[in-house]
1. Select from segment 135-159 the residues that are part of a loop (DSSP other than H, G, I, E, B) and β-branched (Val, Ile, Thr) and write down the one among them that is farthest from Phe123 (Cα to Cα).
2. Do we have Leu46 as free of Cβ contacts under 8 Å to residues at least 24 places away in the same chain, over 17 Å from Phe84 (Cα atoms), of a type in the set (A, V, I, L, M) and surrounded by 12 or more Cβ atoms within 10 Å (Cβ to Cβ) here?
3. Could you check Gly100 against (1) in contact (Cβ under 8 Å) with a residue 40 or more places away in the chain; (2) out of contact with any Lys or Arg (no Cβ under 6 Å at 6 or more places or on another chain) and say which number it fails?
4. Whether any residue in segment 106-120 is touching a residue at least 24 places away in the same chain (Cβ under 8 Å), basic (Lys, Arg) and within 21 Å of Arg49 (Cα to Cα) is what I want to check.
5. Tell me, please, whether a residue that is crowded, with 17+ Cβ neighbours inside 10 Å and among the small types (Gly, Ala, Ser) can be found in segment 118-138.
6. Does segment 97-114 include one or more residues that are surrounded by 15 or more Cβ atoms within 10 Å (Cβ to Cβ), assigned by TED's automatic domain parsing to the domain that holds Tyr162 and over 15 Å from Met59 (Cβ atoms)?
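The values are calculated or read from the model by the stated rules, or taken from the named source; none is laboratory data. All values reported here derive from a predicted model rather than from experimental measurement. Cβ sites come from the backbone with ideal geometry, for glycine too, and all protein chains shown count toward neighbours.
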Amino acid sequence: MVNTNWTLQEAYTANEAALVESPERSFADPTLPLYQWAALHELEHLRTRHEQGEKFALMLAIRKCANHDLIMPPWVVAGYIAAFDTILNYRSKDWNEVFGSPIPKGAHLAALRKQRKLEFAVFNEIVRIRKCSLDQAIDAGLFESVGKQFNIGKTLAEEYYYGAVAKIGWKPS
């Protein structure tokens with residue numbers, strides 16, 4: 001069972017062990033320990049967003065649980081039932097009203113697509129580089145180097161990296 005108290009290294013170790021135990025599994029399998037660990041941390045971030053009134057965070061949490069084969073935490077269960085019952089009991093006829101709009105007002109779809117595609121790719125590349133070279137600082141030079149790999153600037157690479165860090169609640173060393 002995945003433990004949210006694990007460090008990133010412990011999650012990687014559990015991931016490697018799972019792949020050795022079941023070599024037929026793909027490294028991209030979202031039910032592997034590393035991905036479940038990250039998803040559990042993201043669920044905490046989503047819970048905070050939901051508690052602050054962001055309704056769509058609940059839908060993101062449901063998807064996160066389904067994708068990573070995780071049991072829904074009580075706040076997700078209660079939130080879903082309450083929102084669904086609002087429709088079921090005819091207190092609203094609009095899904096966006098009860099679950100929130102999936103696209104933030106004023107957002108640009110192309111920018112959101114780009115972020116979705118690259119955010120964790122940038123994060124993973126920085127983690128990989130730092131794992132290979134423990135003395136590599138997280139600085140402008142690293143963001144510039146990684147940004148070039150993904151055809152983005154250092155500022156965007158930094159934003160994507162720290163966005164991923166915030167989503168999983170990881171404290172980079």
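1. Going through segment 135-159, the residues part of a loop (DSSP other than H, G, I, E, B) turn out to be 135-139, 150-153.
Filter again for β-branched (Val, Ile, Thr), leaving 138, 152.
Details: Ile138: 11, Ile152: 13 Å.
Of everything passing the filter in segment 135-159, Ile152 is farthest from Phe123 (Cα to Cα).
2. When the stated conditions are applied, Leu46 passes them.
3. Checking Gly100 against (1) in contact (Cβ under 8 Å) with a residue 40 or more places away in the chain; (2) out of contact with any Lys or Arg (no Cβ under 6 Å at 6 or more places or on another chain), the one that fails is (2).
4. Within segment 106-120, not a single residue is touching a residue at least 24 places away in the same chain (Cβ under 8 Å), basic (Lys, Arg) and within 21 Å of Arg49 (Cα to Cα).
5. No: zero hits.
6. Yes, segment 97-114 has at least one match.
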